[in-house]
Amino acid sequence: MKAVKKNRKKTGIWIIVWILVILGIAGGILIKLGFYQKAMDQFMSNREANRLISYLGINDYEYTDRLGSNFTVKQARQLLKQADVETSRIGVSLEHRPGFMPVTVRQFEKIYESLITELELDRLSNENLYIYDIDNAVNKVIDGVAYEVISTNNGDYYMQKDYGLDNAYVGKVVHVYVSNNEIILCQGESKDSVLVKNAYFSKITESDGKKALLVYVSGKAKKLPVEESVAKTIKGEKYLCDIALSNKGVESVTDHTAELVEAKVTACADGVVTIEGQKDPVYLSDAFNVYKVNGAFKATQSAGTLIGYDKISLYIKDNMLEAALITDDIYAKDIRVLISNTDYSNYYHDEVTVTSDTDYTISYGKQVEEHTAGDKVSFRNGSEQLQNGAAKITSKAEEGKITITSIKRQSGNPSYRGTLELSRDDKGVLVVNELPVEEYLYGVVPSEMPVTYEKEALKAQAICARAYAYRQMESDTYAKYGAHLDDSISSQVYNNVEEDERAIYAVDDTYGVVPCYNNNVIEAFFFSTSCGTTSNNSAVWGGNQEPYLLDTMETELNDMANLDNEDSFRNFIDGKLGTGFIEEEEPFFRWSVGFTKERMTEAVNQHLYDRIKAMPENILAMNAKGEYEKKEISTVGDVDSIEVTKRGASGIVEEMVIKGSAETILVKGQSNARALLCPEQVEIRKQDGSTVSGWTTLPSAYFYIDSKNGFSIKGGGFGHGVGMSQNGANDMAKLGYTASDIILHYYTSVELKDMYEMMGK
């Protein structure tokens, strides 16, 4: 019995020994295979691996996850095969490893970096970035994915919130993979330093006994930590410099060596900057920045924002514009308007003929021509005055105007305050009118709103127009033409109707007033006539919704009444939801149009190609699977039915489906809906019984459709429906509301401020 127990004991010991031996061998194998790593080297998850692989553009790669949540050797081999990359070129051995084994994070990163190199992917880069700060709040949502903002030495980046950087990386240089403006992967801290070129150094500050530099970089003010030894090397303040940054903060500050030139920028296009009085242009540096240090500090990388300033500080080195400084005593007092031809179809003029009812001058280069009142002068591309830069035409009288007789407007040949600047281009002569903002508004208000409207309505229009002008002066949309905006409906109509005393009063009485939200001038959109509601901007044009442009009901009830529901909207348009709307007596408050299926087919097919060409992502064709996709089509065949499939909260059409004998299409956007459903020469009947015809678009996208015995469309309002209704403003003014009341009614939670104080004037 004792012998049996003794043998059992020996057997147990030997079992334990053999188990240990086996485990040791297995552990050795795992170590040899490279899969047993330190705790810090974790396995790569399938979720993260497939997210990163999606940026490589390998369309044939198929997601597989047979063993759980880890990315495996088999998947790595599959990925390399479909990318046509040899395993021997990736720096990780995969040949003799079991396919089911998981790949570590470090190994995947080596594979990933090798793929980027082998595939020569320009859209992916490996960079070192200094992290200024991290906004962990959700700042952007794309396809349901939340992103946070990472502020760096190279500007702002987005990063998926689930994979975002934490605050431990703030004030550090990190090694990252970048796709466009998105950080897709952080590999940790880097020992390298980064150079911030053309930064604006303000001063040295001190907080909690530690020194920091107050520096303007990436359009923002930043406090960057600096060692005492480095701080002692900095002399002076408020100047342009280059700053080296590392994990310790500021390593060095180097004064900029560019030449300082006081000049005026007249145009900027494709990295080329034209300077007044200088024949040869200069070119934009890759590190170019504009620093506005008068009033509220602003910074941008757009040289187009310099247009309109008298003389600003330009830092030029080797014919490269490194930076620009807008100082305390400089402001953009004038606006520059690009003048279109007679029918607003082109900015380039074959010939420009000018005259004036006062004496005037034409200056070009160092020459000045004197002309008496009534003299006519014509300019073409070959004109001597345009061969060495722009020609300026200016009245010698303070209130004098220059008339362009070669173009016509509603009021005849237009006359312009300020200066006309003519320049040659291969396509023709460009004309820019430079004048004070308030005088520009003298020509906008009567062109955008009838001067017979109530004074308070005209004042509200002036406030909206001024806000638009301000925002355009801050942009670079027309910089290549040397302008801030144009004179057509693409911006806001200018000088189509001649100036009027009532309009001038409206401008003067609201001098400088603009609506602001969070201290920023708003997008003060306006339109003709409301149907009883206004829409938020996102429902009409997409993009992020502005908090001051909301869906509202234009009645005392202020209840949207579920207008995104088809039945509710029909009842609303048919007048079954009550009365008391501000504009219910306006002719376009309700309208209707009817036509045969043949005319509807004609309308849809007539406009289809142009709409697809303009917005291919917003007109999709159904495929064999019943899914909608981009497709080049020229006809839907005979139109069988039209159905509104999505409305905004205000009732506006956001999506509709048109079924034809050849194609079924999904139409997105109010502008497409209005254009496709409007045959030329059809009569649109307003609620007062009057009609209009010859339109190429329906009055609005607030409509419903019946398709019995042809097509009948009934709708309301005129225009896109965002912001201020002009007729609504006039009707409110008749009821005793002031311009301020009107603005605060149409733009939610805004404040009225002085534009010129904001500009630093």
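Here are the numbers:
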read-out: Selected residue [of a type in the set (G, A, S) and more than 17 Å from A212 (Cβ to Cβ)] from A244, A267; value: A267
read-out: Residue within the range 599-613 that is within 19 Å of G715 (Cα to Cα) and in contact with a strand residue (DSSP E or B) (Cβ under 6 Å, 6 or more places away or on another chain) present; value: yes
read-out: Residue count, the range 740-758 (criterion: within 28 Å of G651 (Cβ to Cβ) and aliphatic (A, V, I, L, M)); value: 4
read-out: Odd one out for N346, checked against (1) over 21 Å from S490 (Cβ atoms); (2) surrounded by fewer than 14 Cβ atoms within 10 Å (Cβ to Cβ); (3) touching a Gly at 6+ places or on another chain (Cβ under 9 Å); value: (1)
read-out: Condition check for K311: charged (D, E, K, R), touching an Asp or Glu at 6+ places or on another chain (Cβ under 7 Å) and not assigned by TED's automatic domain parsing to the domain that holds Q385; value: yes
read-out: Any hit, the range 697-704, residues being of a type outside the set (F, W, Y), in contact with a Ser or Thr (Cβ under 7 Å, 6 or more places away or on another chain), in the same structural domain as K646 (by TED's automatic domain parsing) and within 16 Å of K646 (Cβ to Cβ); value: no
read-out: Criterion violated by Y737 - all others in (1) in contact with a Leu (Cβ under 9 Å, 6 or more places away or on another chain); (2) within 29 Å of K576 (Cβ to Cβ); (3) not assigned by TED's automatic domain parsing to the domain that holds G575 satisfied; value: (1)
read-out: Complete set of residues in the range 201-259 that are buried (at least 16 other Cβ atoms within 10 Å of the Cβ), in a loop (DSSP other than H, G, I, E, B) and more than 36 Å from the chain's Cα centre (by Cα); value: I234
read-out: Subset of the range 602-639 (residues that are under 13 Å from S671 (Cα atoms) and β-branched (V, I, T)); value: I612, I619
read-out: Failed item in (1) of a type in the set (D, E, K, R); (2) within 20 Å of the chain's Cα centre (by Cα); (3) within 18 Å of I504 (Cα to Cα), with D476 passing the rest; value: (3)
read-out: Failed item, numbered, when Q472 is tested on (1) of a type outside the set (A, V, I, L, M, F, W, C); (2) touching a strand residue (DSSP E or B) at 6+ places or on another chain (Cβ under 9 Å); (3) surrounded by fewer than 20 Cβ atoms within 10 Å (Cβ to Cβ); value: (3)
read-out: Search result, residues across the range 262-281 that are more than 29 Å from the chain's Cα centre (by Cα) and crowded, with 16+ Cβ neighbours inside 10 Å; value: A263, E276
read-out: Counted residues, the range 557-593 - those being of a type in the set (G, A, S) and either surrounded by fewer than 16 Cβ atoms within 10 Å (Cβ to Cβ) or not assigned by TED's automatic domain parsing to the domain that holds V657 (or both); value: 3
read-out: Yes/no for A465 being part of a loop (DSSP other than H, G, I, E, B), aliphatic (A, V, I, L, M) and touching a Leu at 6+ places or on another chain (Cβ under 9 Å); value: no
read-out: Boolean, A649 is in contact (Cβ under 8 Å) with a residue 60 or more places away in the chain and either assigned by TED's automatic domain parsing to the domain that holds Y704 or touching a Leu at 6+ places or on another chain (Cβ under 6 Å) (or both); value: yes
read-out: Filter pass, L620 being under 27 Å from the mean Cα position of the chain (by Cα), assigned by TED's automatic domain parsing to the domain that holds N709 and part of a strand (DSSP E or B); value: yes
read-out: Residue in the range 293-316 that is at pLDDT 80 or above, among the hydroxyl-bearing types (S, T, Y) and either part of a strand (DSSP E or B) or over 30 Å from I489 (Cβ atoms) (or both) present; value: yes
read-out: Qualifying residues in the range 597-614 (those that are loosely packed, with under 15 Cβ neighbours inside 10 Å and at pLDDT below 90) - the one nearest to the chain's Cα centre (by Cα); value: A614
read-out: One residue from A506, A465 being surrounded by 18 or more Cβ atoms within 10 Å (Cβ to Cβ) and without any contact (Cβ under 8 Å) to a residue 60 or more places away in the chain; value: A465
read-out: Residue in the range 665-676 that is aliphatic (A, V, I, L, M), under 25 Å from P446 (Cα atoms) and either in contact with a helix residue (DSSP H, G or I) (Cβ under 9 Å, 6 or more places away or on another chain) or buried (at least 21 other Cβ atoms within 10 Å of the Cβ) (or both) present; value: no
read-out: Number of the exception - V692 against (1) touching a Gly at 6+ places or on another chain (Cβ under 9 Å); (2) at pLDDT below 95; (3) within 14 Å of R590 (Cα to Cα); value: (1)
read-out: Out of L666, L676, sole residue that is modelled with pLDDT under 95, more than 19 Å from R570 (Cβ to Cβ) and not assigned by TED's automatic domain parsing to the domain that holds I463; value: L676
read-out: Members of the range 159-193 that are among the aromatic types (F, W, Y) and either over 21 Å from A49 (Cβ atoms) or surrounded by 19 or more Cβ atoms within 10 Å (Cβ to Cβ) (or both); value: Y169, Y177
read-out: All positions within the range 419-465 that are under 21 Å from G736 (Cβ atoms) and small (G, A, S); value: A457, A460, A462
read-out: Residue pairs meeting the criteria (Cβ under 7 Å; at least 6 apart or on separate chains; first closer than 19 Å to G57 by Cβ, in the range 94-117; second of a type in the set (G, A, S) and modelled with pLDDT of 80 or more); value: F108/A49; I111/A76; L115/A83
read-out: Residues that are surrounded by 18 or more Cβ atoms within 10 Å (Cβ to Cβ) and not in a loop (DSSP other than H, G, I, E, B), drawn from the range 475-501; value: A479, Y481, L485, D486
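The values are calculated or read from the model by the stated rules, or taken from the named source; none is laboratory data. Here the structure is a predicted model, which is why all the values come from computation and not from measurement. Cβ coordinates were reconstructed from backbone atoms using ideal geometry, including for glycine residues, and neighbour counts include every protein chain displayed.
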